[in-house]
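Heads up, the thing below is written out as structure tokens.
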Amino acid sequence: MFLAEIGDPTNYHNWCEIQKLAGLNIRENDSGKHHGKRTITKRGRASLRSLAYQPALMAVIHNQELKDIYTQPIEHPNRPLCKKQALVAISVRVLRIMFVLAKTGVIKKEGISSMVRKAIYITIALIIASTMLFYLSQFRFNMIWGKPVGIVEDLKSMVVKYDPNVSSTFKKPYNKLKNELLYARLTNTVEGQTEHTIIIIRNKDCLINIVREFDKLKSTVPQEYNPAEYKLSDFKFYNLTIWREGKSVTYVFGQNDSDYYEGSTAWRTKNGNMVLRKMPEKLIRLIMEPSTKK
């Protein structure tokens, strides 16, 4: 899961880049004699922050050494941290060690005892176990009940009601959401591994229209497509990630000839057909036309 979030660890020079990717870097609020509250930026991947925060919770409970590190800033006489801030600090430490493990396979940092190393290995095992449980519940993969991954029994169950005033994706009014949107990044996957950025969209009018069109699209019933006629090898897949303050949403769609289809090919009907929605021309133009690359 960690490698799925960061990609190839050799692409990063040091762990600080991973900290920034997770949005765990500190935002200062000091000016002259004023010392304001310091917070994390959250301008990164929320799933990566959660990936570091959950094992930090377990580590401060079950490992005395990390618990001491956790309590030290809380009991500091000058500007002590609250419990959640101390947990975030432990999360950064866990993230740093996971990065070193992923890149080198060994923790060589001096001052990290065998007890801490053991705790980190245990928490990484817990991450893997919890991730597996999450996906089992999300995709209803249950060998006892005999339901494979991504089976859609009723196409109408995938319909999300469209509200012309409130985004069904972001759960926020469009007029307020527009000011919070930062940018969108369109990428495609080459050889199933490397993501290449194709377009960066910063125009807020364009961004809010894209969100609105996707909300409209998801209010329609998806269609079945036979994989024998629509072969996966003929598809070119894209990810469109739209960022707002501290959060992001990714839309997945594929191109077959001149047509574009929204959805993941992992979702199938009982007959094995793919469950996709054909994207309208207006939405395709908003994403693909050069005039929107602002």
- Test for Arg117: is it assigned to a loop (DSSP other than H, G, I, E, B) and either at pLDDT below 65 or not β-branched (Val, Ile, Thr) (or both): no
- Task: Kindly establish whether Glu229 is in a loop (DSSP other than H, G, I, E, B) and within 21 Å of Arg277 (Cα to Cα).
- Result: yes
- Message: Which of the numbered conditions does Val221 fail, given that it passes all the others? Conditions: (1) hydrophobic (A, V, I, L, M, F, W, C); (2) in contact with a Leu (Cβ under 7 Å, 6 or more places away or on another chain); (3) farther than 20 Å from Ile6 by Cα; (4) surrounded by 17 or more Cβ atoms within 10 Å (Cβ to Cβ).
- Response: (4)
- Query: Are any residues in the stretch 31-46 in a loop (DSSP other than H, G, I, E, B), over 21 Å from Cys82 (Cβ atoms) and either under 24 Å from the mean Cα position of the chain (by Cα) or polar (S, T, N, Q) (or both), and if so, which ones?
  - Reply: Arg43, Gly44, Arg45
- Query: Picking from Tyr261, Tyr251, Tyr230, Tyr238, which residue would you name as being closer than 30 Å to Thr39 by Cα and hydroxyl-bearing (Ser, Thr, Tyr)?
  - Reply: Tyr251
- Message: Against the conditions (1) among the hydroxyl-bearing types (Ser, Thr, Tyr); (2) surrounded by fewer than 18 Cβ atoms within 10 Å (Cβ to Cβ); (3) under 30 Å from Ile242 (Cα atoms), where does Thr71 fall short? Just the number, please.
- Response: (3)
- Query: When you scan the stretch 156-182, how many residues do you find that are assigned to a loop (DSSP other than H, G, I, E, B) and surrounded by fewer than 15 Cβ atoms within 10 Å (Cβ to Cβ)?
  - Reply: 7
- Query: Taking interchain pairs and intrachain pairs at least six residues apart, which have beta carbon atoms under 9 angstrom, with the first residue in the stretch 21-33 and basic (Lys, Arg) and the second surrounded by 10 or more Cβ atoms within 10 Å (Cβ to Cβ) and part of a loop (DSSP other than H, G, I, E, B)?
  - Reply: Arg27/Arg38; Arg27/Thr41; Arg27/Lys42; Arg27/Arg43
- What number of residues within the stretch 236-286 satisfy the criterion of being under 16 Å from Leu186 (Cβ atoms) and either crowded, with 16+ Cβ neighbours inside 10 Å or in contact (Cβ under 8 Å) with a residue 24 or more places away in the chain (or both)? 21
- Just one listed residue, out of Lys218, Lys247, is modelled with pLDDT under 85, closer than 27 Å to Lys178 by Cα and under 23 Å from the mean Cα position of the chain (by Cα), and it is Lys247
- Query: In the stretch 49-86, what residues are under 22 Å from Leu101 (Cα atoms) and among the acidic types (Asp, Glu)?
  - Reply: Glu65
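The values are calculated or read from the model by the stated rules, or taken from the named source; none is laboratory data. This one's a predicted model, so the numbers in the text were calculated from it and none came from an experiment. FYI the Cβ positions are ideal-geometry reconstructions off the backbone, even for glycines, and counts take in every protein chain you see.
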